[in-house]
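Single-structure report; data block below.
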Amino acid sequence: MIAARRLDKISRLMGSRATPYSLKALNKESLLWTEFWNPKVRLLCNNDGVAAFSSTSHYSSNCNHSPTNKVLRNLPGYVKIVEVGPRDGLQNEKEIVPTTIKVQLIKMLVSSGLTVVEATSFVSPKWVPQLADAKDVIDAIQNIRGARFPVLTPNLKGFEAAVEAGAKEVAIFASASESFSKSNINCSIEDSLARYKDVASAARKLSLPVRGYISCVVGCPVEGMVPPSKVAYVAKQLFDMGCSEISLGDTIGVGTPGTIIPMIENVIRVVPIDKLAVHFHDTYGQALSNILTSLQMGISTVDSSVSGLGGCPYAKGASGNVATEDVVYMLNGLGIETNVDLEKLMLAGDFICKHLGRQSSSKTAVALTSKKANSKL
Amino acid sequence: MFLQKLYTRLNNMENPSKACNSFRLLFTMSSLEEPLGFDKLPSMSTIDRIQRFSAGACRPRGDDMGLGNCWIDGRSCSTSNSCDEDYEEYTGEAFPWRRHVKDVSEGGTFNRRASSLSKNRMKFEYVCDSRYLPDHQCSCKCNDRGIHGITNKFLKGIPKFVKIVEVGPRDGLQNEKNIVPTSIKVELIRRLVSSGLPVVEATSFVSPKWVPQLADATDVMKAVCDLENARLPVLTPNIKGFEAAVAAGAKEIAVFASASECFSKSNINCSIEESLVRYHAVCHAAKELSVPIRGYVSCVVGCPVEGAIPPSKVAYVAKELYRMGCFEISLGDTIGVGTPGTVVAMLEAVMAVVPAEKLAVHFHDTYGQSLPNILVSLQMGISTVDSSVAGLGGCPYAKGASGNVATEDVVYMLNGLGVKTNVDLPKLMSAGDFISEHLGRQSGSKTAVALSRVQTQKCQSAFILSSFQYPQIKHYQEWWVWHY
């Protein structure tokens, strides 16, 4: 990490554009590839390359009238990353992951700077045996500070179990596709919304925040394309019933920037943009470009999964969640704050991949790990 | 019919670009899942509709296979986005066409199909007053300029057509340890060409001592030089390589310089300046034989030794290659460290000295960043993208890490954006499948893996291909072609 005195020097040179967070969140690896074109940055670089920084307004200085400025002008200065690895990532694993491993993973993720980590799900163990230990996981992470741990609660029963276990935030999930709703949670969209109204109402009484998820916001494995108006309808329902945030999920990963734009455009007519998050799957390799598009449209919360945990149940062997490391790498390069330490995040990814006995699905993690190994030779 | 006359007239125009740009956005819009009702386009000129829905209007002319500036949609645009003027002449003819279309579209299979598809409501700020889409909600609600401004800004710079330069047979295979037989390489090239790829980098005339994989360059070139419908550039690092390439039948060559001094010395054993002098000689010889030259610049964002590369250095090398006669400069992020933030800065510097239509981007997916990098490049007006089938070609600087971006993934994204490529994705995937099977490993393309493993009925793969890849425009084209 950069020495305190050097931090002060950088801060003075950059003036108000370098915030304390932007300086503290750096590590050597992410610095190496920061934009050195900024002449002030270059002056500060030593042979180690350890003197650059990212600011919240990287591109506002010398290119106000440059056409390229429009491409990156509307990007948020800070993006909140919601880590879904421990729940969405692990729930599809065939081999049961021990509770201790799950808890350790969550601890490592929190220590990397992630402020929201979806811990587990209070669903019937019959449906998701991997998360049968939900209560134990919540018990074990009660005292972890610095992060929120939403848990999935498909119904009132799950909600009550979650509250009893000590959960302080819950999440509910509806689908924009009728067929998917029926096959995934065994009821129609309207029935599911009625169910969630009860959960949201109960949560409101206990002042518990509720996060809403919408699945199949672009396509459904059965119905095909899902109309954006349908997504907007479900988003509005969830928002009206009190969800503090709505996460729009491209469940089968078929979305591209071309389909994401109309979907988000419809949703932001009925839900304020600061209440929205995007949850893209990388099944077709489109997640990062979809995330970039979403950021350009003003979204500032992104769901991702460490090491790209969580495959696609509809295309066996295909990838699923976008890897948090890849997202953080991109956001670092854009000068967007995340408060996430990429190296520590990679350690967490390494830890769970070692346990699962396979390579990380994050290209950033694989590349950086390989680079480190080569440099040691 | 009058449309045939219109086509003829357009093609014979001195500056058909006048007809283009105001319809460009509408064309793009039409590709984005929006079912279109012809009867609801009251003041859209006939040319709008032709440009928008005709399968034929966007095919490049045979004599302009990317060497000049007429690649985009067969018209003479100096850049893919330079057509700024409305073409007023044909608005008067809109009526007969519109009436006719209305008759056909109402109640027909077209409408039924359109209504079964996604009814997105795409509106753009400056078209709301005169053009709108069926089932839309806001012909009168285009006051919400915040939303439309966002969408408009995002799509404005993206070209209608992107040329994909396939580098799999050369850049992809050159790092393979096991020698791939010549027959396999030739078959791969054939399959790639048959998928519609307009440019396939066939091989490299470098010393077999350095790249043993490509020692059969002469044999490969002789076997493919007569393939039609595609250009087959070959890498030539020096005059000797150039002469061997020409003797083998190569009709287009490529040279490569580096924006990083250290990389230049370690990769091609000479400084940047020395390499430029060398290529000067190659370009001079190529010009005498009227052989087009493509230039590559490597390490445009970062170097494994030097670290970050100043955009000004990249601009300098690009400008030198352009001045010595390269018709296209491909900017390569050799170690894949670029992100949209660094790519934009680099492109800005280069585009200040080389026209955008002469530039291509060549991103590596080592850190998973290539597709967003390609996206911002398109937004900045670049319309040529290098990629490698099945993501062939690893990163020699990070063992086990990925390298080239997979062509299938690029085509999937471009299809979803409504950008034409003329590439048939299933045929491309079959080429990827072929080489991956030979190499004994899974494709490096997530699109290819996903489509081949969708655990539904076989027809659903085709369903995904057609449903999520601007189905409307396909059907409209089919209807259009059938009807006329």
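Values as computed for the structure displayed
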read-out	value
Estimated inter-spin distance, A:Asp198 and A:Asn374, nm [label 7 Å along Cα→Cβ]	5.8 nm
Ranked A:Thr153, A:Thr99, criterion: other C-beta atoms within 10 Å, fewest first	A:Thr99, A:Thr153
Debye log10 I(q)/I(0) for segment A:80-373, one point scatterer per Cα, at q = 0.06, 0.10, 0.11, 0.13 Å⁻¹	-0.16, -0.47, -0.58, -0.83
Relative exposure of B:Asp226, B:Asp365, judged by other C-beta atoms within 10 Å (fewest first)	B:Asp226, B:Asp365
Distant-in-sequence amide H partners of A:Ala171 (H built 1.01 Å from N, under 5 Å)	A:Val151, A:Leu152, A:Thr153, A:Arg211
Shielding score for A:328-334, defined as the mean number of other chain Cβ atoms within 10 Å	5
Principal axes of segment A:89-213: Cα extent on each, largest first, Å	39, 36, 24
Rel. contact order, % - alpha carbon contacts under 8 angstrom, at least six apart, segment B:161-454	19 percent
Projected area, mean over directions - segment B:161-454, Cα convex hull, nm²	13.2 nm²
FRET efficiency for A:Lys157 and B:Gln442, using Cβ-Cβ distance with R0 set to 35 Å, rounded to 0.05	0.25
Shielding by other protein chains, A:219-230, mean Cβ within 10 Å	5
Inter-site label distance for A:Gln104 and B:Ser183 at 7 Å from Cα along Cβ, in nm	5.3 nm
Taking segment B:189-273 and dividing mean pair separation by its residue count, relative contact order in percent (alpha carbons under 8 Å, at least six apart)	25 percent
B:Glu274-A:Glu190 pseudo-label distance in nm [points 7 Å out on the Cα-to-Cβ vector]	7.8 nm
Greater than 24 Å apart at Cα, pairs in B:Lys265/B:Lys319; A:Lys182/B:Lys446; A:Lys275/A:Lys354; B:Lys420/B:Lys446	A:Lys182/B:Lys446; A:Lys275/A:Lys354
Estimated dipole of segment A:80-373 in Debye, rounded to 20 [Cβ of Lys and Arg +1, of Asp and Glu -1, Cα centre]	220 debye
Within 10 Å of each Cβ in B:301-307, the average number of Cβ atoms from other chains	3
Farthest positive-ward along segment A:80-373 dipole, Cα basis, beta-carbon charges - from A:Ala132, A:Thr256, A:His281	A:Ala132
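Quick note: the coordinates plus some simple rules give every number you see, no bench work behind them. Predicted, not measured: the structure shown is a model, and the values here were computed from it. Ideal geometry is used to build each Cβ from the backbone, glycine not excepted, and the neighbour counts take in all protein chains shown.
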